[in-house]
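Encoded as structure tokens, the structure appears first; notes follow it.
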Amino acid sequence: MANEQKINLLNFDRKAMEAFFVELGSKAFHGRNVLKWIHKHGVTDFEAMTDVPKKLRAQLAEIAEVRVPQIVFDQPSRDGTHKWVLELDCNNRIESVYIPDGDRSTLCVSSQVGCSLDCSFCSTAQQGFNRNLTVAEIIGQVWVAWHTVGKPVTNVVMMGMGEPLANFEPVVAAMDIMQDDLTYMLSKYRVTISTSGIVPAIYRLNEVSDVSLAVSLHAPNNELRDQLVPINKKYPLEELIPACREFVKNDKRRKVTWEYVMLDGVNDSDKHGKQLIRLLEGTPSKMNLIPFNPFPGAQYRCSTPERIEAFRQKLMKAGIISITRQTRGDDIDAACGQLVGKVKDRSRRELRMERNSRQGSSDRKVNGQRKSGGTSL
Ligand code: SAH
């Protein structure tokens, strides 16, 4: 069977894997064993899966494969961070960032090729949007990190390229795999999804997953947030905050992590701090202040260290645990908002032109391939 037609088992979480094996006429527990071989042991060759019956291994080799993303570029930073550029099958590239820190190591995972959200301070936004990543491409980033470094990744943050909640099912399935006892065994407190605030998807996530929630807030009022994070026009703060509060309601250990990029003269005044304190009253919160990471063509400057510290102190005094996120990997453009990958042929301008020229056709055809999904915000 030609390679492209083989089923990539990296796409399957435990349930899907069990179902696949039952459908093959085999047993669910063989599926669980294969899941363990792939993720825990990093084995991609069925022949090496010695507790799988020989006949079944041969059957698998005929119809299936374990296709992991390929690192085409490994850029180490002087602080130990690595930026990995991964080649996907249709000439698109995404980036993952590996951040070691003593006993901890955090992997920043991408969920889409590019992003369609257009946050004005983010360089991924400038790249436009191509497509959603598959489960295999998302969990494949964890596989690559774990088995390239040869050490467990202790934390995963869905904070790479893209808006994870706009690629809901694959992201949830991939996060399920990360937490599975047969694979990476990450606790729910060590897998964090970061969203710009797609409110209905936050409620939905709360029903199907128990991962931790981070929200890109960046402004304490709608007027400013509309400019910085335009999805706010659709889901304003008076809808976003209750959705987040609901998410952490049933677990006393949980807090919403807020991300707040520090932009000089834009969102960093004492008045903004005061508004922020009022906005978050009653919501268990942890504040991550992120020094703005510049990129070519950026229209903002980072707040001064003194301003950031004064802002942080103000929040702390009001009882909001606040940290200033250490900028990691900035010498290799791997810091927050600097991930650009290679987003093939789908600039925003192009998407617009394509839409106009199709005039109402609902088909989505990209580079000759029909696309399903996409972002429905
Ligand atoms: N789309 C999701 C996931 C991206 S996470 C989200 O918005 O949450 C990446 C984080 O880095 C987000 O909080 C994002 O707003 C922030 N960010 C983007 N550009 C940045 C920049 N230039 N400097 C600092 N932080 C930035």
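Among the residues of region 100-145, those identified as surrounded by fewer than 22 Cβ atoms within 10 Å (Cβ to Cβ) and in a strand (DSSP E or B) are Pro100, Asp101, Arg104, Ser105, Thr106. Can we say Arg278 is at pLDDT 95 or above, surrounded by 13 or more Cβ atoms within 10 Å (Cβ to Cβ) and of a type outside the set (A, V, I, L, M)? No; evaluated as a whole, the condition is false for this residue.
Checked against (1) open to solvent by 80 Å² or more (accessible area, probe 1.4 Å); (2) at pLDDT 95 or above; (3) under 30 Å from Val85 (Cα atoms), Glu259 passes all but a single condition, namely (1). Counting only helices (runs of 4 or more DSSP H) that sit completely within region 160-276, those holding 1 or more residues that are in the same structural domain as Met287 (by TED's automatic domain parsing) and within 11 Å of the ligand (Cβ to nearest atom) correspond to 168-179, 222-228. Check whether at least one residue in region 232-239 is touching a residue at least 24 places away in the same chain (Cβ under 8 Å) and touching a strand residue (DSSP E or B) at 6+ places or on another chain (Cβ under 8 Å), and report yes or no. Scanning region 232-239, I find no residue that is touching a residue at least 24 places away in the same chain (Cβ under 8 Å) and touching a strand residue (DSSP E or B) at 6+ places or on another chain (Cβ under 8 Å), so the answer is no.
Among the residues making up region 33-59, those that are over 18 Å from Val135 (Cβ atoms) and assigned to a helix (DSSP H, G or I) are Asn33, Phe46, Glu47, Ala48, Lys54, Lys55, Leu56, Arg57, Ala58, Gln59. Of the listed requirements (1) in the same structural domain as Gln179 (by TED's automatic domain parsing); (2) surrounded by 18 or more Cβ atoms within 10 Å (Cβ to Cβ), Val52 misses just one: (1).
The values are calculated or read from the model by the stated rules, or taken from the named source; none is laboratory data. The structure presented is a predicted model; accordingly, all values stated were derived computationally and were not measured. Every residue, glycine as well, gets a Cβ built from its backbone with ideal geometry; the counts of neighbours run over all protein chains shown. Just so you know, the surface numbers come from the protein's heavy atoms only, side chains and all, with ligands and any DNA or RNA stripped out. Shrake-Rupley method; radii C 1.70, N 1.55, O 1.52, S 1.80 Å.
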